[in-house]
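One structure is given below, encoded as structure tokens.
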Amino acid sequence: MTTLVNPAFVRTMAAYNAEMNRRLYDAAARIPDAARRENRGAFWGSLHGTLCHLVWGDQMWMSRFDGWAKPTVTQKQSATLVEDFDELRRLRVGSDDKISAWAGRVSDDWLAQDQTWFSASVQKELRQPRGFLVTHFFNHQTHHRGQAHALITACGEKTGDTDLFLVVPEPV
């Protein structure tokens with residue numbers, strides 16, 4: 001996995017995620033707050049809940065990868081992480097900046113090591129190769145951003161292109 005997951009991959013995915021998050025939040029800001037919070041049957045309920053869960057997931061993984069503070073709520077409560085949309089957006093932008101800075105520090109040696117952590121979600125200690133976990137980290141973001149994109153589209157808004165090669169035309 002480490003041959004596929006290298007520092008350039010991490011930097012490219014961080015750039016992609018930051019730009020896609022910017023596009024999602026720009027579109028979400030054009031949607032009335034009540035519509036952002038409407039339970040539309042998504043896994044995390046609403047668009048707001050899905051965006052909260054994305055920040056929650058980033059906080060949890062970056063607490064493991066880069067020493068960030070852990071989220072203030074459990075995974076099951078992650079859709080309620082931040083009540084105010086403007087505060088959530090500020091947190092998202094700050095998180096993306098910090099993820100990009102971390103990505104700039106990631107090395108092949110760091111990616112080649114195993115990560116050990118205690119998962120409160122499954123109540124046990126886990127150990128996996130970091131390259132594999134970094135892939136999961138970015139895949140988790142893309143997965144839930146896809147859900148958020150569908151919710152945004154259902155509200156009649158657009159985000160523009162979402163394909164990696166159109167958003168980040170060259171690896172970073």
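The values are calculated or read from the model by the stated rules, or taken from the named source; none is laboratory data. All values derive from a computational prediction rather than experimental measurement. When we count neighbours, we look across all protein chains shown, and the Cβ atoms used for this are built from the backbone with ideal geometry, even at glycine.
Go over the candidates Ala103, Ala35, Ala69 one by one and state the one that is more than 15 Å from the chain's Cα centre (by Cα), hydrophobic (A, V, I, L, M, F, W, C) and within 24 Å of Arg127 (Cα to Cα).
Ala69
Condition check: of a type in the set (Ser, Thr, Tyr) and touching a residue at least 60 places away in the same chain (Cβ under 8 Å). Does Thr116 satisfy that?
Criteria not met by Thr116.
Taking the options Ala42, Ala27, name whichever one is under 20 Å from Thr159 (Cα atoms), surrounded by fewer than 19 Cβ atoms within 10 Å (Cβ to Cβ) and among the small types (Gly, Ala, Ser).
Ala42
Matching residues to (1) part of a helix (DSSP H, G or I); (2) of a type in the set (Ser, Thr, Tyr); (3) in contact (Cβ under 8 Å) with a residue 60 or more places away in the chain; (4) out of contact with any His (no Cβ under 7 Å at 6 or more places or on another chain):
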site: Leu4; (1), (2), (3), (4): no, no, yes, yes
site: Glu19; (1), (2), (3), (4): yes, no, yes, yes
site: Asp58; (1), (2), (3), (4): yes, no, yes, yes
site: Glu83; (1), (2), (3), (4): no, no, no, yes
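Pick from Thr72, Thr116, Thr50: which is surrounded by fewer than 17 Cβ atoms within 10 Å (Cβ to Cβ), at pLDDT 95 or above, in contact with a Leu (Cβ under 9 Å, 6 or more places away or on another chain) and among the polar types (S, T, N, Q)?
Thr116
Go through (1) without any contact (Cβ under 8 Å) to a residue 12 or more places away in the chain; (2) of a type outside the set (Gly, Ala, Ser); (3) closer than 29 Å to Gly131 by Cβ for Gln77 and report which single condition fails.
(3)
State all residues of the range 128-172 that are outside any helix (DSSP H, G or I), in contact with a helix residue (DSSP H, G or I) (Cβ under 7 Å, 6 or more places away or on another chain) and on the phi < 0 side of the Ramachandran plot; if no residue qualifies, say none.
Cys155, Glu157, Lys158, Thr159, Asp161, Thr162, Val168, Pro171, Val172
Given the structure, is Lys76 in a loop (DSSP other than H, G, I, E, B) and under 27 Å from Ala27 (Cα atoms)?
no
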